[in-house]
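Coordinate-derived values only; no laboratory data. Keep in mind that this is a model prediction, so the values were computed, not measured. Neighbour counts are summed over all protein chains in view; Cβ atoms, including those assigned to glycine, are modelled from backbone coordinates with ideal geometry.
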Amino acid sequence: MALNKRVVNIISNRNYESRKTSEILVSKLRKSGFEPSVTYDEKAELNICIGGDGAFLRAVHRSKFPSIPFVGINTGHLGFFQEITPDGIDTFIQRYISGDYNIDEIFLVSASICSDEKCYYQTAINEIVIKGIASKIIHLDVSIDNNHLEKFSGDGLIISTPVGSTAYNYSAGGSIIHPSIKALQITPISPIISNAYRSLPNSTIIPGDSVIKINPERRYMNSILIVNDGYEYKYKDISTIDLTISKKTIYKLNFSKDMYWENLKNKFL
Ligand code: NAP
Ligand code: MN
């Protein structure tokens with residue numbers, strides 16, 4: 001019987017730098033006894049994603065949130081998720097072979113988006129945003145575990161995961177949450193605070209086992225836009241959106257517990 005090869009998926013975006021990095025990676029992995037696969041193999045032991053954060057987000061969505069751990073090589077702009085640099089491939093392979101790493105669990109956010117007839121489901125890595133289809137204010141009732149919190153009026157709400165807290169959430173004034181903390185963050189986008197409307201001006205951080213319920217005002221049921229990690233979805237007659245931390249999680253290799261803070265400082269300051 002043939003020896004079982006250790007299959008590693010390589011998921012690369014199409015830009016020049018990524019394709020070049022992918023070629024180098026394929027040959028180095030082969031030399032180290034792995035079987036790199038550029039088409040997605042569900043029996044692989046590792047997914048290596050080449051590109052920026054957008055490439056990572058797309059790779060996770062396209063592979064349907066698998067239990068195979070991910071690691072990223074950054075050839076993109078920011079690459080917050082992509083901790084390996086193209087010149088660090090040799091070190092990465094060595095450390096991977098000797099098992100010198102941890103596997104982190106990444107919490108995801110799920111939404112069930114319901115009309116009176118039907119529900120639709122979404123899962124995101126960074127965030128699910130609820131905003132208006134047109135450039136109008138939307139009004140949303142927000143409850144946490146069936147306790148009414150606020151009637152929000154403004155551009156929309158970002159429901160962010162811990163790993164998503166450094167993305168859109170951060171630009172909208174939300175806090176950075178360490179990825180080991182199981183929580184969701186509700187961050188308002190241009191909340192209105194006036195005699196006419198009163199919304200919470202800042203973020204609220206919700207425990208990981210709570211349910212966030214959002215009910216659009218009836219006349220806005222057809223003007224709600226759902227944005228999942230940057231991708232837009234429109235549904236008819238939305239009456240309720242329930243958001244929770246997903247039962248599903250994904251996994252990422254972590255080569256140092258200091259990496260998160262180094263990455264944060266390097267990429268944001
Ligand atoms: P994009 O338009 O290229 O993304 C915007 C920027 O966010 C890129 O620089 C991207 O990094 C970075 N980014 C993505 N996820 C991140 C994270 N978890 N932590 C820190 N930075 C992160 O589109 P994209 O690359 O497909 O990313 C989609 C994300 O863009 C959405 O999930 C949302 O969070 C974010 N977004 C941000 C704003 C805003 O800040 N005002 C508005 C809309 C969407 P790369 O350069 O490496 O791709
Ligand atoms: Mn991008």
* To do: Scan region 1-110 for GluC sites (Glu not before Pro) in coil per DSSP, keeping those whose Cβ has at most 12 other Cβ atoms within 10 Å, and list them by number.
  => E42
* Are there trypsin sites (Lys or Arg not before Pro) in region 4-109 that DSSP puts in a loop and that have at most 15 other Cβ atoms within 10 Å, and which ones? -> K5, R14, K43, K64
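Out of every Cα-Cα pair in region 6-100, what percent are more than 21 Å apart? Walk me through the numbers on the way to the answer.
Working: 1010 of 4465 pairs.
For region 6-100, the share of Cα pairs beyond 21 Å comes to 23 percent.
Would you tally the net charge around I176, using a Cβ to Cβ cut-off of less than 12 Å, leaving I176 out, and scoring K and R as +1, D and E as -1? Walk me through the numbers before you get to the answer.
On the way: positive: K265, K267; negative: none.
So the environment of I176 carries a net charge of +2.
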* Asked: At q = 0.19, 0.21 Å⁻¹, what log₁₀ I(q)/I(0) does a Debye calculation on the Cα points of region 108-248 give, no solvent, two decimals?
  -> -1.09, -1.37
* Given the alpha-carbon gyration tensor of the chain, what are the semi-axes of its equivalent ellipsoid in whole angstrom, ordered largest first, with each equal to the square root of 5 times an eigenvalue? -> 38, 19, 16
* Cysteines of the chain lacking any other cysteine beta carbon under 4.7 Å? -> C49
* Asked: Of Q122, Q185, Q94, which has the largest mean-square fluctuation in a 10 Å C-alpha GNM of the chain?
  -> Q94
* Output the relative contact order of the chain, whole-number percent, from Cα pairs under 8 angstrom with separation of 6+ residues. => 19
* Structure fact -> In whole Hz, the Karplus estimates of ³J(HN,Hα) for region 151-158 (6.51, -1.76, 1.60; θ = phi - 60°; x where Gly or Pro) are 9, 7, 10, x, 7, x, 10, 9
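Using only DSSP helix segments of four residues or longer, with each worth -39500 (n - 2.57), what per-residue ellipticity at 222 nm results for the chain after dividing by its residue count and rounding to 500?
Numbers: 5 runs with 49 residues, N = 269.
Taking each H run of at least 4 residues, the total per residue is -5500 deg cm²/dmol.
With both partners inside the chain, how many of the DSSP beta bridges are antiparallel, as a percent to the nearest 5? Don't skip to the end; give the middle numbers.
Details: 57 of 73 bridges.
Looking only at bridges with both residues in the chain, the antiparallel portion is about 80 percent.
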* Approximate spin-label separation D87-I103, in nm, with each point projected 7 Å along Cα-to-Cβ -> 3.2
* Principal axes first, then extents: for the Cα atoms of region 177-248, list largest minus smallest coordinate on each axis, whole Å, largest first. => 38, 31, 22
